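*Asks:* For reference, the structure I am asking about is given below.
Readers should treat all values here as calculations from the given coordinates under stated rules, not as data from a laboratory. Here the structure is a predicted model, which is why all the values come from computation and not from measurement.
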Amino acid sequence: MLRRLPVLLVVAMLAAPLAMRAQATPDAGQENARQARAALDAMVQALGGQAWLTMKNQMRQGFVASFYQGKPNVGTTKYWEYHAWPDRDRTEFTTHRDVVQFYIGRAGYEVTYKGKAPLPPEQVDDYLRRRDHSIETAVKLWLNDPKTILVFDGQRMAARHLADQVTLISAQNEAITILMDTQTHLPLRRTFEWRDPVYKDKNLDAEEYDDYHTIDGFPTAFTITRFKNDDMTRQYFLVHVSYNQELPADFWDVEAAARRIKK
């Protein structure tokens with residue numbers, strides 16, 4: 001009995017810190033979540049606050065360059081991109097704007113002089129995946145879901161800026177990570193992981209935001225760089241941006257666009 005006593009004392013000594021840590025964990029977790037929410041709230045205010053949250057639509061005009069294995073392809077493509085929350089997107093290409101791609105709900109279409117045709121499923125999946133993990137979706141949907149877990153990851157470097165890093169984890173165990181400039185609170189980088197449906201390996205999708213200009217009261221990144229598994233895939237250079245436009249009643253109607261373009 002005497003020989004067992006030291007063992008029991010050791011067990012008791014080890015158990016006490018574990019109990020203390022278990023009691024402290026909820027408070028520590030709540031404080032961490034509070035820091036994460038505060039960082040996200042500061043980001044929303046920096047982007048325009050309530051006006052940004054209730055924005056009707058936005059239009060971005062510019063040029064896009066594509067890359068393969070991190071190396072640029074020749075030339076750029078001119079485009080006009082329109083977005084209305086939550087699920088209406090329209091992009092017009094070429095100088096004559098006679099190639100138009102729509103993502104309405106969960107479907108994607110392309111309209112040319114040949115008429116309307118569905119976009120390839122893998123292209124639609126890629127687009128919707130990025131829209132489902134955008135900063136806008138993170139703030140307007142995930143942040144308002146009480147089941148979403150918020151994690152403040154501390155400070156990191158992003159695009160040569162010191163940034164606060166926050167990760168949102170949804171009830172479906174998906175995650176979006178956002179890095180925000182510690183001074184301006186504007187987003188610098190957004191990342192998420194997704195599993196390839198064929199090869200089953202994980203891929204990292206990232207966007208970086210730079211060269212901010214304030215347009216109609218909304219700070220706007222005029223350079224957006226997209227990465228897949230740390231390889232640059234696209235870079236967008238904006239030349240004109242506008243918000244809350246009065247658009248034609250049939251602007252999001254794919255059939256109406258097909259009637260106008262078809263020759």
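*Asks:* Please determine, in degrees from 0 to 90 and to the nearest 10, the orientation of helix 5-47 with respect to the longest principal axis defined by the Cα atoms of the chain, where the helix direction is its Cα long axis.
*Replies:* Taking the Cα atoms of the chain, the angle to 5-47 is about 30 degrees.
*Asks:* Next question. Under 27 Å between alpha carbons: how many lysine pairs meet that in the chain, if sequence neighbours fewer than 8 apart on the same chain are excluded?
*Replies:* 21
*Asks:* Rank Asp253, Asp145, Asp201 by mean-square fluctuation in a GNM of the chain with C-alpha springs under 10 angstrom and give only the top-ranked residue.
*Replies:* Between Asp253, Asp145, Asp201, it is Asp201 that shows the largest mean-square fluctuation.
*Asks:* Turning to a different aspect of this structure: Please work out whether segment 50-102 counts as rounded, prolate or oblate from its C-alpha gyration tensor, where a ≥ b ≥ c are the square roots of the eigenvalues and a/c under 1.5 means rounded, while otherwise a/b larger than b/c means prolate and anything else oblate? Mind showing how you got there, number by number?
*Replies:* Details: a/c = 2.74, a/b = 1.75, b/c = 1.57.
Since a/c reaches 1.5 and a/b is larger than b/c, the shape of segment 50-102 is classed as prolate.
*Asks:* Next up: Compute the length gained on full extension between Glu136 and Leu247: take 0.36 nm times their separation in residues and subtract their Cα-Cα distance, giving the result in nm to one decimal. Walk me through the numbers before you get to the answer.
*Replies:* Working: separation 111, 0.36 × 111 = 39.96 nm, distance 2.11 nm.
This chain segment gains 37.9 nm when fully extended.
*Asks:* Okay, moving on. Have a look at Ala65, Ala206, Ala39 and tell me which one the Gaussian network model of the chain (Cα, springs below 10 Å) gives the largest fluctuation.
*Replies:* Of the options given, Ala65 has the highest mean-square fluctuation.
*Asks:* Still on this structure, please answer the following. With a Cα-only, solvent-free Debye model of the chain, what are the log10 I(q)/I(0) values at q = 0.11, 0.14, 0.17 Å⁻¹?
*Replies:* With no solvent term, the Cα-only Debye profile gives -0.70, -1.07, -1.50.
*Asks:* Given only helices, namely DSSP H runs of n ≥ 4 each adding -39500 (n - 2.57), what is the per-residue ellipticity at 222 nm of the chain, to the nearest 500 deg cm²/dmol?
*Replies:* On the way: 5 runs with 73 residues, N = 263.
Helices in the chain give a 222 nm mean residue ellipticity of -9000 deg cm²/dmol.
*Asks:* Which residue, Tyr103, Tyr199, Tyr113, tops the fluctuation ranking in a GNM of the chain built on C-alpha contacts under 10 Å?
*Replies:* Maximum among the listed residues: Tyr199.
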